[in-house]
Amino acid sequence: MSRRGVDLRFNTELKEIISDENGRVKAVVASTGEELACQFVGLTPGVSPNIDFLKDTDLETEEGIVVNQFLETNQTDVYSIGDCAQFSKPLAGRKKIEQVWYTGRIMGETVAQTICGNKLAYKPGHWFNSAKFFDIEYQTYGCVNSMLQEGESNFYWEHKGGEMCMHFVFDKSSRKFLGLNTFGIRIRHEVMNRHLDSDATIEKVMEQLKDANFDPEFYRVYEDKIVAKFNKEQKTNISVKKRSWKRILGAG
Ligand SMILES: Cc1cc2nc3c(=O)[nH]c(=O)nc-3n(C[C@H](O)[C@H](O)[C@H](O)COP(=O)(O)OP(=O)(O)OC[C@H]3O[C@@H](n4cnc5c(N)ncnc54)[C@H](O)[C@@H]3O)c2cc1C
């Protein structure tokens, strides 16, 4: 963000917003005491469902609108999906409110099936998220905790420019691929999802890494370098397979 022109302050918080004589913001004061002149303040403290207008209705609400696994509320034929839905019993390892676009989309598809006569429970599949800061992509697939859990191992590659990296987590004994965080390199969702679905080993993920790359054409690619580092560290001898559309489309 700094390299893209954002003037950041680290290890500090907003202490005060100062207004001018017309009640409009003119400056903010940081907890360090630093005063910064400004004409606009944007606060992003997190997401909370905006459901106040439903508080006096018969709908059951807590932090969000309470739903069961079929996204049904406590009122017949009333469903809740997306950022405002709160699961009464969240699925294992998942949050009670899931505020990302792909889960919202799956919830929509699920309710559409239900109201068309095919009653479906919400099944979000493997955790996934993608975001973009300026031109830098960030994606996460499966389970990558901030600290390695017992029995887990990891492999980390970073480009020397410091704006691209990949962090793979796998099971130490079975070598099962558990998750990936990637920054600056865009990955094809279907390919990673299939690896997670099929309990692929980390070696298989490495071998087929070229299939997973979803950067636009003419971007530099780094799969050979990434796998070379993996081979060195893990004492393996994997050669990266050429990209195969048959495999990418799930037919190979
Ligand atoms: C800054 C930001 C960045 C994000 N980045 C990512 C990301 O990188 N990846 C990701 O997966 N997710 C991201 N999200 C989350 C993602 O955008 C949401 O999870 C998703 O949009 C939720 O969809 P939704 O349909 O539930 O709600 P929304 O998209 O919020 O749609 C709700 C709609 O209801 C309307 N509305 C509200 N009240 C009323 C009312 N009383 N009457 C009628 N209409 C009303 C609103 O105007 C809005 O159009 C981001 C969100 C924000 C705010």
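Rule-based calculations on the coordinates, nothing more; no lab input. On a predicted model such as this, the values are computed, not experimentally measured, just so you know. Reconstructed Cβ throughout: ideal geometry from the backbone, glycine too, with neighbour counts over all protein chains shown.
When the expected Rg is taken as 2.2 N^0.38 Å, what fraction or multiple of it is the alpha-carbon Rg of the chain? Provide the component values of the computation, followed by the final result.
On the way: Rg = 22.9 Å, N = 252, 2.2 N^0.38 = 18.0 Å.
The value comes to 1.27.
Efficiency by 1/(1 + (r/R0)^6): what FRET value for Glu16 and Gln75, r their Cβ-Cβ distance, R0 = 45 Å, to the nearest 0.05? Don't jump to the answer; show the numbers that get you there.
Values: r = 44 Å, r/R0 = 0.98.
Once the sixth-power term is evaluated, E becomes 0.55.
Looking at the chain, what % of its DSSP beta bridges pair antiparallel, to the nearest 5? Kindly include the intermediate steps, with their values, before the conclusion.
Numbers: 36 of 39 bridges.
So the antiparallel bridges in the chain amount to around 90 percent.
Defining a contact as two alpha carbons under 8 Å apart and six or more residues distant in sequence, what relative contact order in percent does the chain show? Mind dumping the intermediate values first?
Details: 386 pairs, mean separation 22.2, N = 252.
Contact order relative to length: 9 percent.
Report, in deg cm²/dmol and to the nearest 500, the calculated mean residue ellipticity at 222 nm for the chain, where each DSSP H run with n ≥ 4 adds -39500 (n - 2.57) and the sum is divided by the residue count.
Working: 6 runs with 50 residues, N = 252.
Value at 222 nm, helices only, nearest 500: -5500 deg cm²/dmol.
In nm, to one decimal, how far is the Leu43 label point from the Arg94 one, both placed 7 Å along Cα→Cβ?
Roughly 3.2 nm, to one decimal.
Fully extended, how many nm does the chain gain between Ser244 and Asn154 (0.36 nm per residue separation, minus their Cα-Cα distance)?
On the way: separation 90, 0.36 × 90 = 32.40 nm, distance 2.61 nm.
So the chain would gain 29.8 nm between Ser244 and Asn154.
What is the order of Leu178, Leu148, Leu120, fewest Cβ neighbours within 10 Å to most? The partial results should precede the final answer.
Numbers: Leu178 23, Leu148 12, Leu120 15.
Least crowded to most crowded, the residues run Leu148, Leu120, Leu178.
Give the distance, in whole Å, between the Cα centre of region 216-249 and the Cα centre of region 110-163.
Computed from Cα coordinates, the inter-centre distance equals 21 Å.
To the nearest 0.05, how large is the calculated FRET efficiency for Leu36 and Ser2 if R₀ is 22 Å and r is the Cβ-Cβ distance?
Once the sixth-power term is evaluated, E becomes 0.90.
Where a ≥ b ≥ c are the square roots of the eigenvalues of the C-alpha gyration tensor, would you call region 1-43 rounded, which needs a/c under 1.5, or, failing that, prolate if a/b is larger than b/c, or oblate?
oblate
Counting DSSP beta bridges with both partners in region 31-161, what percentage is antiparallel, nearest 5?
Numbers: 8 of 11 bridges.
In region 31-161, approximately 75 percent of DSSP beta bridges are antiparallel ones.
If we count every other residue with Cβ under 12 angstrom of Phe40's Cβ, Lys/Arg +1 and Asp/Glu -1, where does the sum land?
Values: positive: Arg24, Lys26; negative: none.
That sum, taken over residues with Cβ under 12 Å, equals +2.
Separation between the Tyr102 and Ile115 pseudo-spin-labels, each 7 Å from Cα along Cα→Cβ, expressed in nm?
Distance between the two pseudo-spin positions: 2.5 nm.
Can you find, among Cys143, Ser88, Ser174, the residue farthest towards the positive end of the dipole of region 69-189? Put +1 on the C-beta of Lys and Arg, -1 on that of Asp and Glu.
Towards the positive end, the residue furthest out is Ser174.
How about Lys235: which lysines have a C-alpha closer than 22 Å to its C-alpha, ignoring those fewer than 8 places off in the same chain?
Output for Lys235: Lys172, Lys176, Lys204, Lys210, Lys225.
For region 86-91, in order, what is each residue's ³J(HN,Hα) by Karplus, 6.51 cos²θ - 1.76 cosθ + 1.60 with θ = phi - 60°, in whole Hz (x at glycine and Pro)?
The phi angles translate into 10, 6, 5, 10, x, 5 Hz.
Mind sorting Arg9, Arg220 by how few other Cβ atoms lie within 10 Å of their own Cβ, fewest first? Walk me through the numbers before you get to the answer.
Working: Arg9 12, Arg220 8.
Starting with the residue having the fewest Cβ neighbours, the order is Arg220, Arg9.
Assuming R0 = 41 Å, can you tell me the calculated FRET efficiency for the pair Asn68 and Ser198, based on Cβ-Cβ distance, to the nearest 0.05? If you can, show how the numbers build up before the last one.
Working: r = 30 Å, r/R0 = 0.73.
The value I calculate is 0.85.
Just want the ordering: Arg186, Arg4, from fewest to most Cβ atoms lying within 10 Å of their own Cβ.
Working: Arg186 17, Arg4 9.
With the sparsest Cβ surroundings first, the list reads Arg4, Arg186.
Determine the dipole magnitude for the chain: charges of +1 sit on the beta-carbon of Lys and Arg, -1 on that of Asp and Glu, nothing else is charged, the reference point is the Cα centre, and the result goes in debye to the nearest 20.
On the way: 34 positive and 36 negative charges, 319 e Å.
Using only the charged Cβ atoms, the result is roughly 1520 debye.
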